Protein chains: 2
Amino acid sequence: MTSIQSANILILATDGYERSELRVPRDELTKRGAKVTIASIKTGEIKSWDETDWGDSVPVDIEAKNVRAADYDALVLPGGQINPDKLRADETALDVVRDFVASGKPVAAICHGPWLLVEADALRGRKATSYPSIRTDLRNAGATWQDQAVVTDNGIITSRSPKDLVPFVDKIVEEVEEGRHERRAA
Amino acid sequence: MTSIQSANILILATDGYERSELRVPRDELTKRGAKVTIASIKTGEIKSWDETDWGDSVPVDIEAKNVRAADYDALVLPGGQINPDKLRADETALDVVRDFVASGKPVAAICHGPWLLVEADALRGRKATSYPSIRTDLRNAGATWQDQAVVTDNGIITSRSPKDLVPFVDKIVEEVEEGRHERRAA
């Protein structure tokens with residue numbers, strides 16, 4: 001069993017991530033004692049999307065190409081319309097998602113973040129949720145889409161939007177402390 | 001046969017449409033004599049996305065809920081990451097897309113615009129293209145995705161990005177002049 005106080009959590013994002021969907025998990029998981037690392041497909045800083053326009057930035061800690069899933073206990077995928085659309089077109093980002101899915105460690109995606117799980121073909125036969133606009137993409141990828149604040153299936157945690165951030169973070173903590181799942185490779 | 005000079009073309013978009021993907025079809029089709037009408041899910045103006053940030057606006061001519069496909073010869077769906085994500089969550093916009101698909105009239109979508117064809121389930125068994133980031137969504141919706149400037153299958157015209165706008169518009173003209181297709185209802 002992993003305590004959240006000794007857990008290493010990776011957040012993968014790039015320009016256009018929804019600001020609250022990166023900051024709230026980062027700040028809440030840090031408060032509970034976890035070490036949180038921000039990975040991206042670029043170096044320097046990544047610029048948020050703050051509801052209706054570009055917002056402030058956060059520094060990038062590690063490039064996606066240098067991430068080893070073995071070094072972390074869970075992966076968090078924020079949404080935004082722009083961020084996952086860029087990440088899903090980048091093979092180094094997809095490799096990170098695929099490696100975490102294959103590892104059986106918790107993978108948590110919120111809002112438009114589940115597009116990355118679609119791209120990694122990680123939702124086939126699983127229950128999941130997302131921002132409602134992309135539910136057809138999740139269903140077409142083989143998911144059973146559910147209109148719930150947080151849906152967990154075999155360590156894959158999904159939520160609908162920023163209003164679900166509290167149960168989303170709580171579920172990440174719960175799944176990290178529960179440990180890894182037996183999961184088929186993606 | 002419909003001449004482009006007497007054709008009525010509907011463009012459906014909302015805030016966050018990629019500027020060139022609305023303006024180039026609008027201006028080029030107008031130059032060739034067509035009457036072009038802009039429909040949206042809001043009244044007033046819709047604000048463009050100009051490559052990396054919000055751009056200028058265009059006036060809305062008609063609300064989606066008041067559109068009758070019978071009044072037009074073709075439908076054009078610009079992309080942008082934000083615009084189709086908003087439209088696909090709006091039933092009045094989807095009704096417009098479904099009505100045009102069912103009518104057999106040409107439906108042309110570029111870049112991220114094909115998400116609306118995914119939402120209307122109009123691509124099953126068809127060849128299509130799109131911005132590459134969403135090709136998995138098209139494939140999962142039953143399309144055979146092709147990396148070509150313009151793909152036409154039974155009057156459904158798709159293109160990849162703004163760099164394909166010239167052949168995209170040319171194909172719209174060609175399909176409008178060819179007339180309607182026998183197409184199963186969506």
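The values are calculated or read from the model by the stated rules, or taken from the named source; none is laboratory data. As the structure is a prediction and not an experimental result, all values here were calculated from the model. Positions of Cβ are backbone-derived with ideal geometry, glycine not excepted, and every protein chain shown enters the neighbour counts. Surface accessibility is based on the protein's heavy atoms, side chains included, excluding ligands, DNA and RNA. Shrake-Rupley method; radii C 1.70, N 1.55, O 1.52, S 1.80 Å.
What is the residue count in the stretch A:36-63 for residues that are of a type in the set (D, E) and away from chain B (no Cβ under 14 Å)? Full working, then the answer.
Here is the first cut: in the stretch A:36-63, the ones of a type in the set (D, E) are A:45, A:50-51, A:53, A:56, A:61, A:63.
From the residues that got through so far, the ones that are away from chain B (no Cβ under 14 Å) too are A:45, A:56, A:61, A:63.
Within the stretch A:36-63, residues that are of a type in the set (D, E) and away from chain B (no Cβ under 14 Å) number 4.
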If we ask which residues in the stretch A:150-185 are over 15 Å from the mean Cα position of the chain (by Cα) and within 15 Å of A:C111 (Cβ to Cβ), their number turns out to be 1
Any residue at all in the stretch B:132-143 that is under 22 Å from A:P84 (Cβ atoms), in a loop (DSSP other than H, G, I, E, B), touching a helix residue (DSSP H, G or I) at 6+ places or on another chain (Cβ under 9 Å) and not small (G, A, S)? no
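Which residue, of B:T129, B:T152, B:T144, is farther than 21 Å from B:E18 by Cα, surrounded by 18 or more Cβ atoms within 10 Å (Cβ to Cβ) and not aliphatic (A, V, I, L, M)? Walk me through it before giving the result.
Numbers: B:T129 fails: farther than 21 Å from B:E18 by Cα; B:T144 fails: surrounded by 18 or more Cβ atoms within 10 Å (Cβ to Cβ).
Criteria check complete, one pass: B:T152.
A:I110 - would you say it is closer than 25 Å to B:W49 by Cα, buried (at least 23 other Cβ atoms within 10 Å of the Cβ), away from every other protein chain (no Cβ under 14 Å) and modelled with pLDDT of 95 or more?
Numbers: closer than 25 Å to B:W49 by Cα: yes; buried (at least 23 other Cβ atoms within 10 Å of the Cβ): yes; away from every other protein chain (no Cβ under 14 Å): yes; modelled with pLDDT of 95 or more: yes.
Yes.
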Take the residues in the stretch A:120-140 that are under 18 Å from B:L116 (Cα atoms) and touching a residue at least 24 places away in the same chain (Cβ under 8 Å), then tell me which one is nearest to the other protein chains (Cβ to nearest Cβ). A:P132
Please verify whether the stretch A:88-98 includes one or more residues that are touching a helix residue (DSSP H, G or I) at 6+ places or on another chain (Cβ under 6 Å), crowded, with 24+ Cβ neighbours inside 10 Å and away from chain B (no Cβ under 14 Å). yes
In this structure, is A:D121 under 12 Å from B:T136 (Cβ atoms) and either open to solvent by 30 Å² or more (accessible area, probe 1.4 Å) or charged (D, E, K, R) (or both)? yes
